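Before any comments, here is the structure.
The values are calculated or read from the model by the stated rules, or taken from the named source; none is laboratory data. On a predicted model such as this, the values are computed, not experimentally measured, just so you know. Because the Cβ atoms are built from the backbone with ideal geometry, glycine has one as well, and the counts that use them run over all protein chains shown. These area figures cover heavy atoms from the full protein model, side chains too; ligands, DNA and RNA do not enter into them. Shrake-Rupley method; radii C 1.70, N 1.55, O 1.52, S 1.80 Å.
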Amino acid sequence: MSDEIPFGVIAYRFNLAFAPLVVANVSPFYADLDSIIIHAASDAKFWSSPIVAILYNEWWLNHKQWEKIAGKKVLELKQSNLPLQSVGDLCHSLLGLHYFKPLVELLGETLVEKGLYLGFCFGRELCVYSKVFGKSVFYRLSFWQVYGQWWVSCELQLVLHQSQPKGILESLKAKFEGVKCEIKQNEVIYHIKQVNIKNPKSVLEDLLCLHSVSFGLIVKDLGVKLEIPVCTSAKSRIQNHLAYKIGQILTKDSKSFSGILKMPFKLSFVYLKHNKEQKEYKTKIKNNPNLKLPPLESYLDYQESLKIKKYFSYKIGEAFLNIANNPKDSTISAGGGGNFKILCLYPKSA
């Protein structure tokens, strides 16, 4: 190899003998800081890799002596976007990767289903962004570990680079105890709660709960137009069912003569609008599967949302749709024992 040739020439010229050194290592493949000789391999040279340069800072001290002897600066460290200024920064980044690794593995598919994604972990923070807001509104997990302590403290935060949405602080306080708001430079930081980073499942639950409480309010306040309707809970998903919408019209408008007259038009309008939304949704998830809504079971309020399906309005809407889908069997039994027919003008629902 190229660097072995001059050594070979010197050995031959001066009749020198060479022996391998066990204490030598090739960085960054063997991270033994106690090695006497370190060979920076490939593109991980001390002057081309910020990580290697920070790990082996003593090399730079020696290099400065050589520059002083040579009378000129020979090498320059390559520029990097990594937020590393010291060995301490590198240490905390590696600790962050260590602590957040179980959580990152758990978050993967769940975040994609919610339209969220993870930011690259560097330092003490792990950030979760949304496709709607990018880095202007995001969730953050920030940890710290004091020297001599055997535990890690981690806080869940909501960070905004915008003005504070109306009513969000009250909504957050209603769901989480001890929420505090801090304005730091151009960030509005909501300190939500302390989380146990060693229990990834509980952290995920808290993160999804924060998302369900805050996302819809921020969308409404900023006037963001989404590609798909915002559904931040199982309740909102079920209330978006056609059976629920039709049941609401049937129960409310049947109480007055004017309501009964308007009922056919309202039912037609709701059905056509719902059918259009369903077609648009199917087209969008076909083009971008990441926009697909998660299963109802994944929401924190899933069990509570099932009660909506037991409401009289939901059941009567469901019965109406069953008749719409099966016009031949269009008889509904009335409570008093009689029967009546419904003439259905609605095509089979989606």
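Summary of values
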read-out	value
Lys273 at pLDDT 85 or above, surrounded by 11 or more Cβ atoms within 10 Å (Cβ to Cβ) and touching an Asp or Glu at 6+ places or on another chain (Cβ under 7 Å)	no
Wholly within region 135-218, strands (runs of 3 or more DSSP E) carrying at least 3 residues that are buried (at least 19 other Cβ atoms within 10 Å of the Cβ)	153-160, 187-195
Hey, Ser48 over 30 Å from the mean Cα position of the chain (by Cα) and on the phi < 0 side of the Ramachandran plot or not	yes
Region 64-93, subset of a type in the set (A, V, I, L, M) and modelled with pLDDT of 80 or more, residue most open to solvent (accessible area, probe 1.4 Å)	Ile69
Residue list for region 238-270, restricted to those being part of a loop (DSSP other than H, G, I, E, B) and either loosely packed, with under 14 Cβ neighbours inside 10 Å or touching a Ser or Thr at 6+ places or on another chain (Cβ under 6 Å) (or both)	Ser254, Lys255, Ser256
Close pairs from region 234-260: first free of Cβ contacts under 8 Å to residues at least 60 places away in the same chain, partner assigned to a loop (DSSP other than H, G, I, E, B), Cβ under 8 Å, at least 6 apart	Ser236/Val230; Asn240/Pro229; Asn240/Cys231; Ile260/Ser254
